[in-house]
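Everything below concerns the one structure shown next.
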Amino acid sequence: MTRTVTAWLQAAPLTLVLLCFLLAPIAMIVVVSFWGATEYSIYPAFQFDNYAYLFGSEVTYRVFLATFRYAAITWALTLAIGFTVAYFLAFHVRSQSVQIALFLLCTIPFWTSNIIRMISWIPFLGRNGIANQTLIDWGLIEQPLEWLLYSDFSVILAFVHLYTLFMVVPIFNTMMRIDPALIEAARDAGATGYQTLRHVIVPLTKPGIMIGTIFVVTLVMGDFITVRFMSGSQRANVGRLISNDIGLLQYPSAAATAVVLLITVLMVIGILLRFVNIRKEL
């Protein structure tokens, strides 16, 4: 009995924090999503008008599709880059001090604001930016490339730049836990480097890949400022829908969109967790 009471007392502070700062705000968003709104006011109600308008609009489906496209492409690119970087650090860098130094080098961009790092691409990719001028000087193009900036390309480039580290860290952490004896045994059995990678390293790295996937997908699907800046307000995702509704003081509509986005993200995470057990990594 004493142990039970002690355990509850120890868990109480964290439980209170979660209730106040996580569950309560989510519950309030769900409640407000059923409220009504006019051009000048918001009134409490229990109606499905916001959800009916949301699911009845073709724009909603196009925006959700664009959001999934951004998330899928960003995930594929960050996975390729993150796995390569983590593999190099884990298996090709022998010195632990060098590993730490190179890993810290990867974190240097995170010492500045996301917005600053994102905006730094604009003078580089612009019509008269460094990239276009360099390509012209090399004779590879005759006119500046318009699609480098304010396009899907620039949005995805910014996403990859911002979120690749969220893929590197969990994969690297998982790779460092792999017993070197397993890799040595595969080599002794005559496995090639590719076979060792496919049948030993990748299966043992799946929990880290899944954690990185959850990080990247959820961050991309909830992001709105990157799409706004890097597309020049010419593209939209679900986050921008919510941001626009808030800017117009249409809080019930924004809340309904946020609830649908939350459910969608939870469903994606639930599907991902079906493929691998990540509890041993947590």
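Where a number appears in this text, it was derived from the coordinates with a stated rule and is not lab data. None of the values given here were measured: they were computed from a predicted structure. As a convention, Cβ positions derive from the backbone with ideal geometry for all residues, glycine included, and neighbour counts pool all protein chains shown.
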(request) Distance between Cα centroids, the range 42-69 to the range 210-255: provide it in whole Å. (result) 14
(request) Starting from the amide H of A37, placed 1.01 Å from N in the peptide plane, find each other amide H under 5 Å away whose residue is 5 or more places distant or on another chain. (result) Y43
(message) Classify the range 124-282 from the C-alpha gyration tensor, please: rounded if a/c falls under 1.5, else prolate or oblate depending on whether a/b exceeds b/c.
(response) oblate
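Neighbouring Cβ atoms within 10 Å as the yardstick, rank Y163, Y194 fewest first.
Numbers: Y163 24, Y194 8.
Going from least to most buried by this count: Y194, Y163.
Can you sort M210, M28 by how many other beta carbons sit within 10 Å, fewest first? Write down the numbers at each step before the final one.
Numbers: M210 21, M28 11.
In order of increasing Cβ crowding within 10 Å: M28, M210.
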(request) Can you pull the one-decimal nm distance between simple spin-label points at Q10 and R62, each 7 Å off the Cα toward Cβ? (result) 5.6
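Add -39500 (n - 2.57) for each DSSP H run of 4 or more in the chain, then divide by its residues: what number comes out at 222 nm, to the nearest 500 deg cm²/dmol? All intermediate terms of the calculation are to be shown ahead of the outcome.
Details: 16 runs with 195 residues, N = 282.
Calculated mean residue ellipticity at 222 nm is -21500 deg cm²/dmol.
Please work out whether the range 92-188 counts as rounded, prolate or oblate from its C-alpha gyration tensor, where a ≥ b ≥ c are the square roots of the eigenvalues and a/c under 1.5 means rounded, while otherwise a/b larger than b/c means prolate and anything else oblate? All intermediate terms of the calculation are to be shown ahead of the outcome.
Numbers: a/c = 2.89, a/b = 2.18, b/c = 1.33.
Prolate shape, in that a/c is at least 1.5 and a/b is the bigger ratio.
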(request) Putting +1 on Lys and Arg Cβ atoms and -1 on Asp and Glu Cβ atoms, find which of G129, A52, T74 reaches farthest to the positive end of the dipole of the range 49-148. (result) T74
(request) Could you tell me which of rounded, prolate or oblate describes the chain, using a ≥ b ≥ c as the square roots of the eigenvalues of the alpha-carbon gyration tensor, with rounded for a/c under 1.5 and, failing that, prolate when a/b is larger than b/c and oblate otherwise? (result) oblate
